[in-house]
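Quick notes on the structure that follows.
The values are calculated or read from the model by the stated rules, or taken from the named source; none is laboratory data. Please read all numbers here as calculations on a predicted model, not as lab measurements. Note that we place each Cβ from the backbone using ideal geometry, even for glycine, and neighbour counts take in every protein chain shown.
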Amino acid sequence: MVQEDSGGTGSRLRAALAAPAASVRLQAALTAGTRPHAEHVEPLVERCAVEPDFFVRDMLTWALTRHEAAPTVDRLLIELKSATPQARSQALHTLSKIGARRVWSAITSELLRDSDDEVARVAWRTAAGLVPPGSEARLAEELSTQFNRGDRDVRLSLSRAFATLGEAALPVVERAKAARDPGVRAHAMATERIMRDPEEGFDAAIAQAQRTLALLGAPVVVEG
């Protein structure tokens, strides 16, 4: 239950979250989640955008999930339009933890194709987790534009998003396997393997896809 402000609660939290020591900031976030106040939401969201420590960011997210969902979601949705990439990514991450279905409509193509890899990765995961029944194929079409993007971790995140979408995404992946870009084809082939066998590792799936493409591209030897 969110408590009412007893005078300066938000200001005190904001000051504690700006402390030089990460341990102090971590404790402040923990306390804010343990004793929720409506006035905590704003300083918690503000700190998410700039907090450098992973563990503190994780605690900030936890603290926000302890607050009343509706106003917290409203405030986080504003962050999705922030010019600061970390603000966008942390807002998406926290919204995914809250799980409000109305968040789905706020995950735009711009976020799914965000120029910042971390924002895009969190957007893919959040969208795949919140997609309404019947919209999986449409989301898969949007995600297919991101095949072969970024480094290993980015590509793995996209494959996992497709795996979350399940059978409805398979036709989209199948089409991507015929793309002109060999990197797109390999990523799509690896994604299909992971969708069909979640136990297969991503690196092994990519290696197998690359071997298959190499064989398909090998010249045909005609014996005379």
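Okay, here's what the table says:
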quantity	calculated
Candidate set: segment 206-222, residues that are at pLDDT 80 or above, closer than 22 Å to Leu170 by Cβ and more than 22 Å from the chain's Cα centre (by Cα); chosen: the one surrounded by the fewest Cβ atoms within 10 Å (Cβ to Cβ)	Arg211
Among (1) under 15 Å from Leu92 (Cα atoms); (2) surrounded by fewer than 21 Cβ atoms within 10 Å (Cβ to Cβ), the one test that Cys48 misses	(2)
Segment 58-101, subset among the aliphatic types (A, V, I, L, M), assigned to a loop (DSSP other than H, G, I, E, B) and in contact with a Leu (Cβ under 9 Å, 6 or more places away or on another chain), residue nearest to Val131 (Cα to Cα)	Ala100
Subset of segment 103-143 (residues that are within 16 Å of Thr84 (Cβ to Cβ) and either surrounded by fewer than 18 Cβ atoms within 10 Å (Cβ to Cβ) or polar (S, T, N, Q) (or both))	Glu110, Ser115, Asp116, Asp117
Residue ranges of helices (runs of 4 or more DSSP H) in segment 128-224 with at least 3 members under 30 Å from Arg102 (Cα atoms) and touching a residue at least 60 places away in the same chain (Cβ under 8 Å)	none
Residue satisfying all of: in segment 144-169; more than 21 Å from Gln90 (Cβ to Cβ) and crowded, with 21+ Cβ neighbours inside 10 Å; farthest from the chain's Cα centre (by Cα) among these	Ala169
